[in-house]
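What follows is one structure encoded as structure tokens, with my remarks underneath.
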Amino acid sequence: MAWGVIGILMATAATGLLLSARWGTNNYWLLEARFSNNDNDSILRQHFLAEDSSDAARYQDLFLYFVSGFIAGLDDTGARVRHPGAPSIAGREMDSVEGFTRTAPMLAAWIASGRPAEVRIADGRSINLLDTLRRGLLAGTDPSNPGYWGAIGNADQRTCEAADVARTLWLLRDRLWPTLNDNERNQIAGWLNQTNGKTVADNNWHLFPVIVSLVLKDLGQPYDAEGSLWHWHQFLRFHRGGGWYVDGERGHIDYYAAWGIFYDLDWIDRIDPAFAADAARFFAPFIADWSYVIGPNGIPIMGRSQCYRLAAPVPLIAAARHALIPAGQSRRALDATWRYFVANGALERGSVTQGYCHEDLRLLDNYSGSSSCLWSLRSLIVAFLYPPDSPFWTEPAQPLPIEQSDYTHTIPPAGWVLHGEHANGRIVLEQIGRPDIAHPLIDQSLHQRLSEWIWDYPRRPDNDAFKYENLFYSSTVPLCTPPS
């Protein structure tokens, strides 16, 4: 009897220690409480989905929604943003870095396009976006600051985030960079230059140090010319024709083609068109293919990082800059995507949910945490780079291919056939040569859920077969139902 009581006491004490570690380290429960009022979510949905509002007003509301979430989660250092949600394998501290770095380019794009740097958020506060970014960039790159983002090592997540920091600086090269003194410039450039000589994943990661080096070069800072060329040529090995790249020699072709690879190629083309010339010539054929993927009723999603789904129209938004499609169709791609996902629960508490529509850890990769899905903002970043009076925002919307007619469009480099049904808006992605098997989506088990909750570390089901090996992926069978 005594041993039974002792056992219960020991188990209780152990549970207490686990809970103390779980909540005490990152204040996750407190963070959830701060975001418990969902009034902003419902107001945003109401305003954004209104049919009688202008696009300019709707997207301003959307921008301010994310700014409000950013400010709500901003820590005392100004360099980290803590959003509620499931953790990544990199840990909560890295997730908080992503909260800053993955939103900063959107704020910078807003300012760089001539929109006001001073905005008023949902709680009535006036926020100076330039000051906010300046403070965060200086704190995050200062080793003596508690908000320091940390040294960049081999195969380090910080390499990905460094590319977004570089984008932010480049966009604000005329507004923020001149306000920094020499020591501050050297500090930020020094942190970015830590990407030099580091190993990266042998896939789209090769583009991150290229972007960092090109930005530093443009800002007149030391940069790694030899290293950036090496990474560039490593990346070019992945081209399979027509602007389609596998995500690494052993990787797949999936939606990274849009929100990862094309997005970064477009940035390289913006920063240094001569450098990107050997890839930019493939923009036109890729855009012609990608226009058949996007529709107003969801997308035939497949592959990894599905929580980035709101960034799927990036190539079509950027296409207006290249005059590859009409500006009105470009904006329609943006709006069709955001309307669908906002209506289906993709936004909560000033951020992006960790699933296809709402929260769904069955689909969330272990490398994705509470702020990772903010790479969904990439479509807004590219859109806000267009000034408010540009044709992108002022021309009447024009229909997407699925809104015009039926189609069957084959993409040999990707191994895809896209079937569009105009009457119901359905788009089906067929993988050429795959056996006719429909792998099921595996639920997260109770043990996995409990383990993830206790240890604050990902314990998610292996759904790679569902993500990559099915013959068909349909936009009308979206992953918008809750797990069983």
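The values are calculated or read from the model by the stated rules, or taken from the named source; none is laboratory data. Predicted, not measured: the structure shown is a model, and the values here were computed from it. Cβ placement follows ideal geometry from the backbone for every residue including glycine, while neighbour counts extend to all protein chains displayed. Remember, those area values only see protein heavy atoms, side chains included, never the ligands or the DNA or RNA. Shrake-Rupley method; radii C 1.70, N 1.55, O 1.52, S 1.80 Å.
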Exercise for the section: Can you confirm whether the range 334-343 contains a residue that is small (Gly, Ala, Ser), under 16 Å from the mean Cα position of the chain (by Cα) and outside any loop (DSSP other than H, G, I, E, B)? Expected result: no
Handout entry: Residue in the range 346-364 that is closer than 27 Å to Ile442 by Cα and out of contact with any helix residue (DSSP H, G or I) (no Cβ under 9 Å at 6 or more places or on another chain) present
Key = yes
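Any chance the range 325-336 includes a residue that's in contact (Cβ under 8 Å) with a residue 12 or more places away in the chain, touching a Lys or Arg at 6+ places or on another chain (Cβ under 7 Å) and either crowded, with 24+ Cβ neighbours inside 10 Å or closer than 13 Å to Pro399 by Cα (or both)? Please lay out each step first, then the result.
Filtering the range 325-336 for residues in contact (Cβ under 8 Å) with a residue 12 or more places away in the chain gives 325-336.
Keeping just the survivors that are touching a Lys or Arg at 6+ places or on another chain (Cβ under 7 Å) gives none.
Within the range 325-336 (the criterion being in contact (Cβ under 8 Å) with a residue 12 or more places away in the chain, touching a Lys or Arg at 6+ places or on another chain (Cβ under 7 Å) and either crowded, with 24+ Cβ neighbours inside 10 Å or closer than 13 Å to Pro399 by Cα (or both)), the answer is no, since none of the residues qualifies.
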Practice task
Keeping to the range 236-260, report how many residues are in contact with a helix residue (DSSP H, G or I) (Cβ under 8 Å, 6 or more places away or on another chain) and of a type in the set (D, E, K, R).
Solution key: 2
Handout entry: Exclusive hit being farther than 27 Å from Leu334 by Cα and crowded, with 17+ Cβ neighbours inside 10 Å, set Ala108, Ala104, Ala122, Ala86
Key = Ala86
Problem - Any hit, the range 82-92, residues being in a helix (DSSP H, G or I) and at pLDDT 95 or above - result: yes
Completion exercise
Ile152: passes all of (1) of a type in the set (A, V, I, L, M, F, W, C); (2) surrounded by 21 or more Cβ atoms within 10 Å (Cβ to Cβ); (3) farther than 23 Å from Val67 by Cβ but (2)
Exercise for the section: Report, ordered by the first and then the second residue, all pairs with beta carbons closer than 6 Å, sequence separation of six or more or different chains, a first member in the range 400-428 that is in contact (Cβ under 8 Å) with a residue 24 or more places away in the chain, and a second member that is of a type in the set (A, V, I, L, M) and open to solvent by 60 Å² or more (accessible area, probe 1.4 Å). Expected result: Gly415/Ile432
Problem - Flag if Ala166 is out of contact with any strand residue (DSSP E or B) (no Cβ under 7 Å at 6 or more places or on another chain) and either charged (D, E, K, R) or over 27 Å from Ala90 (Cβ atoms) (or both) - result: no
Practice task
State which residue pairs qualify: first residue of a type in the set (Lys, Arg) and inside the range 105-121, second residue surrounded by fewer than 21 Cβ atoms within 10 Å (Cβ to Cβ) in any location, beta carbons under 7 Å apart, and separation of 6 or more residues or different chains.
Solution key: Arg115/Pro388; Arg120/Ser126
Exercise for the section: Would you be able to say whether some residue in the range 347-359 is in contact (Cβ under 8 Å) with a residue 24 or more places away in the chain, open to solvent by 10 Å² or more (accessible area, probe 1.4 Å), polar (S, T, N, Q) and assigned to a loop (DSSP other than H, G, I, E, B)? Expected result: no
Handout entry: Enumeration of residues in the range 443-484 that are farther than 29 Å from Tyr292 by Cα, open to solvent by 40 Å² or more (accessible area, probe 1.4 Å) and part of a loop (DSSP other than H, G, I, E, B)
Key = Asp443, Ser445, Tyr457, Arg459, Asp462, Pro483, Ser484
Problem - Lone qualifier among Ile253, Ile188 - being open to solvent by less than 40 Å² (accessible area, probe 1.4 Å) and more than 30 Å from Trp416 (Cα to Cα) - result: Ile188
